[in-house]
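Shown next, in structure tokens, is the structure this report addresses.
Just so it is clear, none of the values below were taken in a lab; they were calculated from the coordinates. In this text the structure is predicted, and so the values were computed from the model without any measurement. Note that we place each Cβ from the backbone using ideal geometry, even for glycine, and neighbour counts take in every protein chain shown.
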Amino acid sequence: MSKTPTWFTDAVSVVPESRHTEVDGASIHYLSWGERGRPGIVFVHGGAAHSHWWSHIAPAFLADHSVAAIDLSGHGDSDRRETYGLDFWCDEVAAVIEDAGFDGPPLLVGHSMGGFVTIGTAARHADLLAGAIIVDSPVVEIDPEVRQARASDTFNKERAYDDPAGPIERFRAIPGQDVYLPYVKQHIAERSLRQDPDGMWRWKFDSSIFMPNRRTAAELLPQVTCRVALLRCEHGLVTRDIGDYMYNQLGRVAPVIELPTAGHHPMLDVPLILITAIRSLIADWDHSRPLHRS
């Protein structure tokens, strides 16, 4: 196993505060780093993931920002619902923004399914956001994680384990990719299981999260009015054609930036490239005027 770099150990040593807010009868959990009353960044995970997918990313922004990472309902340490949908998840993000105590509207960063939630939040709660960054979210068709979940038993059987070591060792992202940094994978895997009162260990997501229709996000793209950027992973799901489609739907004013060598889950293989891309957008947006739709 490769040596764990200092930047990573320093990042995950910054312990976030665990907070909850209630949305439509469900307790929504989120992690919070940094001082309240600063400009904010909110990270939104992908399907079957959770807030700790960002816990090695978030501390990189604490010099100037307060940072939050949400567990959408049905994920992580948030409550489950009888049914799920984009509207619920967007309202949960809005509630975290209002609860987190930021100085002004924050930047919202969403990966994969979380990118769809980011699009929906930007369309439905535009006044709450300073900008949105969508990370490898292909909105023109059902994304591969949903297709795989519906076509196989990958997620539709809730598995229980008497020892967490096995599932942690076998942990993998859906859809899969060729490269994982082992120390990142280990850190996330260890935080992806919960021990229930019966003593058994289970994954921290509800298998029915994949049932909602994701195409709603494509319909919402033209309604996004805040500043927005698209990060496209070189070996990810957003092809150049999909990136062009999203660029046009967003009024041809959103930069489309490729993350070199990245798989669909850039926080697992190229986290420093991901951090640099987000930092670069923030630096530019801090002193430039936004383009507007013609």
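Brief remarks follow.
- Cα gyration tensor shape of the chain, rounded if a/c is under 1.5, else prolate or oblate by comparing a/b with b/c: rounded
- Label-point gap, in nm, between GLU82 and ASN248 - each point 7 angstrom along Cα→Cβ: 4.2
- For peptides 230-243, 116-129, 43-56, 259-272, sequence by mean Cβ density within 10 Å, most packed first: 43-56, 116-129, 259-272, 230-243
- Neighbour net charge for PHE88 - beta-carbon separation under 9 angstrom, K R +1, D E -1: -3
- Taken one residue at a time, the phi angles of segment 239-246 give Karplus couplings (6.51, -1.76, 1.60, θ = phi - 60°) of 6, 4, 5, 5, x, 5, 4, 5 Hz. Gly and Pro are set to x.
- Highest average first, the peptides 283-290, 130-137 ordered by how many other beta carbon atoms sit within 10 Å of their residues are 130-137, 283-290.
- Rounded to the nearest 20 debye, the dipole magnitude of the chain is 580 debye, with +1 charges on Lys and Arg beta carbons, -1 on Asp and Glu beta carbons, and the Cα centre as origin.
- Remark on LEU107: its backbone amide H falls under 5 Å from those of GLY40, ILE41, VAL42, ALA130, a criterion applied only to residues 5 or more positions apart or on other chains, H modelled at 1.01 Å from N.
- The angle separating the long axis of helix 86-99 from the principal Cα axis of greatest extent in the chain is about 80 degrees.
- Extension gain, VAL179 back to THR261 (0.36 nm per residue minus Cα-Cα distance, nm): 28.6 nm
- Each helix, a run of at least 4 DSSP H residues, gives -39500 (n - 2.57); summed and divided by the residues of the chain, these come to -8500 deg cm²/dmol at 222 nm.
- Karplus-derived 3J(HN,Hα), 6.51/-1.76/1.60, for each residue of segment 71-85, Hz, glycine and proline x: 9, 4, 3, x, 10, x, 9, 8, 5, 8, 10, 5, 9, 10, x
- Taking the DSSP beta bridges with both ends in the chain, the antiparallel portion is around 40 percent.
- Note on the chain: with a GNM built from Cα contacts shorter than 10 Å, the maximum mean-square fluctuation among VAL140, VAL109, VAL93 falls on VAL140.
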